[in-house]
Amino acid sequence: MYKISEELVELGLKRIKGFSVEGFVRGSGPLEPAVMLVGEAPGENELETGIPFTGRAGKELMESLASVGLSREDVYITSAVRSRPYKWGVKKKRNGETVERKYNRAPTKKEIIAHAPILDTEIKDIRPPLIVTLGNVGLRRLIGPQAKVTELHGVLLETPILTWNEEAGVFKETEENYHIFPTFHPASVFYNPPVRYLKEEDWRKLGEILKMKR
């Protein structure tokens, strides 16, 4: 099993201090995974369990993995940000009472920059044969803000990826190319049901790619 160092965890917590985020969930998986999965950020469920992709979205992802003959143990799961970004909102109880609570939200560009060294280190150490990005956040973190999952999903890209250059204060492209396969975030099927067919078709294509790589 691969684990990032305690020093890197501490750096991540220090760099993201002051933002509306909480906790820290490490990436999880073997040193030589079949694929690396890159999502957005942990949510409420992940914060409770300390495990990436748990809850409803996690169940959906496990079903997708099973459809291509993989399990959680075969893949390395991480995300652009390792702390849970939240926003305050009001929830109405059944008895009519309202309570303030934290809701998940997408990470901001500054939060993604704060945790960029973590994902950069994971990719450098693991050298995954294939990176599957789940949703726009992971995709844009790796290949740039112009990328859209709706346009690139289900296509195997061979491309440089972006790594954070602290000295210059910008993302810079790597010299070497990586294999990136963009698809939809597992949670997208809950709020946009027609995406399910596209997502399942992507995973069918991914299964074929993995068969060729074996």
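The values are calculated or read from the model by the stated rules, or taken from the named source; none is laboratory data. Bear in mind the structure is a predicted one, so any value in this text is a computation, not a measurement. Positions of Cβ are backbone-derived with ideal geometry, glycine not excepted, and every protein chain shown enters the neighbour counts. Quick note on the areas: whole protein, heavy atoms, side chains included, nothing else; ligands and nucleic acids left out. Shrake-Rupley method; radii C 1.70, N 1.55, O 1.52, S 1.80 Å.
Couple of notes before you dig in:
- Matching residues, segment 105-163, being closer than 19 Å to K213 by Cβ, surrounded by 20 or more Cβ atoms within 10 Å (Cβ to Cβ) and polar (S, T, N, Q): T133
- Checking V81 against (1) part of a loop (DSSP other than H, G, I, E, B); (2) open to solvent by 10 Å² or more (accessible area, probe 1.4 Å), the condition it does not meet: (2)
- On the stretch given as segment 11-55, residues that are among the basic types (K, R) and in a helix (DSSP H, G or I) total 2.
- Residues of segment 67-78 satisfying the condition of being open to solvent by less than 40 Å² (accessible area, probe 1.4 Å) and in contact with a strand residue (DSSP E or B) (Cβ under 9 Å, 6 or more places away or on another chain): V75, Y76, I77, T78
- Subset of segment 180-200 [at pLDDT 95 or above, open to solvent by 60 Å² or more (accessible area, probe 1.4 Å) and more than 13 Å from A57 (Cα to Cα)]: Y197, L198, E200
- Condition met for E63 (assigned to a helix (DSSP H, G or I), out of contact with any strand residue (DSSP E or B) (no Cβ under 6 Å at 6 or more places or on another chain) and over 18 Å from P186 (Cα atoms)): no
- Output for segment 162-214, where each listed residue is in contact with a strand residue (DSSP E or B) (Cβ under 7 Å, 6 or more places away or on another chain), touching a residue at least 40 places away in the same chain (Cβ under 8 Å) and of a type in the set (S, T, N, Q): T163, T183
- Selection over segment 85-98 of residues that are open to solvent by less than 50 Å² (accessible area, probe 1.4 Å) and without any contact (Cβ under 8 Å) to a residue 60 or more places away in the chain gives a count of 2.
- Conditions (1) crowded, with 16+ Cβ neighbours inside 10 Å; (2) at pLDDT 95 or above; (3) of a type in the set (S, T, Y): number failed by T54: (2)
- For the criterion of being in a strand (DSSP E or B) and among the aliphatic types (A, V, I, L, M), I123 fails.
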